[in-house]
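Structure first, then comments.
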Amino acid sequence: MSVVIKNGHVIDPASNTSAPLDVLIIGDRIARLGTDLRGSEEIDATGCIVCPGLVDIHVHFREPGFESKETIATGSQAAARGGFTSVVTMPNTEPPIDNGGMVEFVNRRARETACIKVWPAAAATKGRAGAEMTEMAELKAVGAVAVTDDGSDIASSWVLRRCLEYADMCGLTYLGHCEDASLVQGGAMNAGLNSTKLGLSGMPKAMEEIAVARLVRLAKLTGAKVHVCHVSSAGSVEIVRWAKARGIRVTCETAPHYFTLTDDAVTTFDTNAKMNPPLREAEDVAAIKEGLQDGAIDCIATDHAPHTPTEKDVEFDYAPFGIVGLETSLGLVVTELVEPGLLTMEQAIRLMTWAPAQILDLPAGKLAQDGPADVTVFDPHAEWTVAPEAFLSRSRNTPFAGRVLRGRVKATLCDGRFAYREA
Ligand SMILES: [Zn+2]
C-alpha cells in the first residue's frame, strides 16, 4: 500500500531539489518528500541517488515485425533495468506505425506486456515513404507523442515543410533523423582517416550537417518545433547552437556512444560499433561533451536499436546499423561525464529526466507530489562490468562488452510498482 525510500540522496531537477530526503509512495502516486517518513514497506537507499524514473525519447522496440530482435515486453524490461520508466518508441516497425490503428496496437501491447510507460511516436509520412503525410490529427488523438520517419530522412524539402506545418498545427513535435541519403552512397562508417585505412566506404559528416541545417531552416520558415535526433558531429552541434541563438524552436539529443567512442572502435571491424549516424572523431566527441555542458544539446537518448547476433555476425559492410543502449546508458553517463567532472550529477540527471520529458511534454521526469510514482534508485559508486549475455534485452549488440562502469540501478519503480529490482 505504501512504500518509503529511505536514507537516499534525492535529485529532482524539475524542482531544483538535491538533498538527503525520504520519498513516500502511496499507491501509484508520490505522497511526499521529507525526513523520517514511514511506510508499510521500506527500501533502504543508503549511499544511493533517488531520482525521477529516467526518460528516453528514442528507442526501437521492433514490435510488430521484428520480434526476434526485441519486443515491447523485453525492451521495457531492459529499460527498467537501465533505470528508465518512460520511453518513446520509433515507428519504423513492420508494418510501420503510420495510422491510428497501429498507434493503438502499440498502446495495447504496452498495456498488456510492458513494465514501464511506452509512448509511441508515429510516422510523419505514409509507409515512411517520404511522399504523403500521415493523418497527424488522428495520430495525436489516439496517443502519438511525436511524428518522425526515423530510420530515414524525408528527402523532399517540400514534403518536410508540409509535415512541419501540419505537425505544428496538430501540436506534435517533429523528430528529425537528419541524413542526406544522396551523400551516403553505401557508406558503412564515418568518412575519414580510418575509413581510408580500412578500405570501407565512408559517410561524411556533411551528410548529417546538411540535413540538420535544412531542418532548422525549415523550422524557421514554418515556425514549427523540431527536435534533431542522435547528433553525432561537431558541425551539427554548431548548427543547433546557431539556430537556438536566433530563436528557432529546435532541440536536440545525443546518444552515449557519441560521447564515449570514436571511429577507432571500428578498426577491429566490430559490427557492434556500426550505427547510423556513425561514430565520428575525437574533435566530435569533444564537441558533443561541450554541447552537453553548455545546453546546445538538450538531452541524452539511447537510440536503442536491437539486432540479432546472426544479423550482426556478417562482414562489416553488410551488418545492419544500430546498437542496444538502455542497460548501459546511465553507467556511461556517470562514468564518462559525471566522474571526470564534465557534468554535475544534477545536470546529468536533468539530461535524462526532466529535459527529455519537457521536449515532448510527457507527464514524466519529475518527483511531484501527487504525481506518478516513477522513481529510480541507483548507486553512483557501484562498479560493474558490461556483460551482454546477461542483458534483459533480447539482443546483445553493444560495443561496450567488458567495459567497467560505475553507477548501477538498484530499483526502478513505475507507478509505485517495481519494474526492476536488483536481486
Ligand atoms: Zn535515426
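What follows is calculated from the coordinates using simple rules that are stated; it is not laboratory data. Remember, predicted model here, so these are calculated numbers, not experimental data. All Cβ positions, glycine included, derive from the backbone under ideal geometry; neighbour counts span all protein chains shown.
Surrounded by fewer than 21 Cβ atoms within 10 Å (Cβ to Cβ), of a type outside the set (A, V, I, L, M, F, W, C) and out of contact with any Pro (no Cβ under 7 Å at 6 or more places or on another chain): does that describe ASP379? In short, yes.
LEU198 passes every criterion in (1) touching a Ser or Thr at 6+ places or on another chain (Cβ under 8 Å); (2) crowded, with 20+ Cβ neighbours inside 10 Å; (3) farther than 11 Å from GLY176 by Cβ apart from (2). Within the option set ALA181, ALA213, ALA146, being of a type in the set (A, V, I, L, M) and over 30 Å from ASP317 (Cβ atoms) holds for one residue only, ALA146. Going through segment 44-93 one residue at a time, which ones are over 26 Å from VAL386 (Cα atoms) and within 16 Å of the ligand (Cβ to nearest atom)? Residues satisfying the conditions are PRO91, ASN92, THR93.
Residues considered: GLU339, GLU346. Of these, the only one that is charged (D, E, K, R), touching a residue at least 24 places away in the same chain (Cβ under 8 Å) and touching a Ser or Thr at 6+ places or on another chain (Cβ under 7 Å) is GLU346. One residue stands out among those in segment 238-265 that are surrounded by fewer than 24 Cβ atoms within 10 Å (Cβ to Cβ), of a type in the set (A, V, I, L, M) and under 16 Å from PHE321 (Cα atoms): the one that is farthest from the ligand (Cβ to nearest atom), which is ALA265. Filtering segment 390-423 to residues that are among the aliphatic types (A, V, I, L, M) and either free of Cβ contacts under 8 Å to residues at least 12 places away in the same chain or part of a loop (DSSP other than H, G, I, E, B) (or both) leaves ALA390, LEU392, ALA401, ALA423. Considering every residue within segment 348-355, establish whether at least one is over 19 Å from MET90 (Cα atoms) and over 16 Å from the mean Cα position of the chain (by Cα). For segment 348-355, residues over 19 Å from MET90 (Cα atoms) and over 16 Å from the mean Cα position of the chain (by Cα): absent.
Just one of (1) farther than 19 Å from ALA301 by Cβ; (2) within 16 Å of the ligand (Cβ to nearest atom) fails for GLU41. It is (2). Screening THR196 with (1) among the polar types (S, T, N, Q); (2) away from the ligand (no atom under 16 Å from the Cβ); (3) under 23 Å from the mean Cα position of the chain (by Cα) gives one miss only, at (3). Taking segment 152-163 on its own, how many of its residues are out of contact with any helix residue (DSSP H, G or I) (no Cβ under 7 Å at 6 or more places or on another chain) and surrounded by fewer than 24 Cβ atoms within 10 Å (Cβ to Cβ)? Final tally of qualifying residues: 4. Among the candidates GLY130, GLY151, GLY202, the residue that is over 20 Å from the mean Cα position of the chain (by Cα) and at positive phi is uniquely GLY130.
Scanning segment 280-292 for residues that are more than 16 Å from the ligand (Cβ to nearest atom) and either part of a loop (DSSP other than H, G, I, E, B) or farther than 16 Å from LEU332 by Cα (or both) yields GLU281, ALA282, GLU283, ASP284, ALA287, GLU290, GLY291. Within segment 139-163, the residues that satisfy the criterion of being among the polar types (S, T, N, Q) and within 15 Å of the ligand (Cβ to nearest atom) are THR148, SER152. Looking only at residues in segment 164-187 that are hydrophobic (A, V, I, L, M, F, W, C) and away from the ligand (no atom under 16 Å from the Cβ), the one that is surrounded by the fewest Cβ atoms within 10 Å (Cβ to Cβ) is MET169.
The residues listed here are ILE116, ILE97; of these, the one that is surrounded by 19 or more Cβ atoms within 10 Å (Cβ to Cβ), of a type in the set (A, V, I, L, M) and within 16 Å of the ligand (Cβ to nearest atom) is ILE97.
When ALA234, ALA211, ALA245, ALA219 are checked against the criterion of being without any contact (Cβ under 8 Å) to a residue 40 or more places away in the chain and of a type in the set (Gly, Ala, Ser), ALA245 stands alone in meeting it. Selection of segment 102-140 for residues being among the basic types (Lys, Arg), under 27 Å from THR74 (Cα atoms) and free of Cβ contacts under 8 Å to residues at least 40 places away in the same chain yields ARG108, ARG111, ARG128, LYS140.
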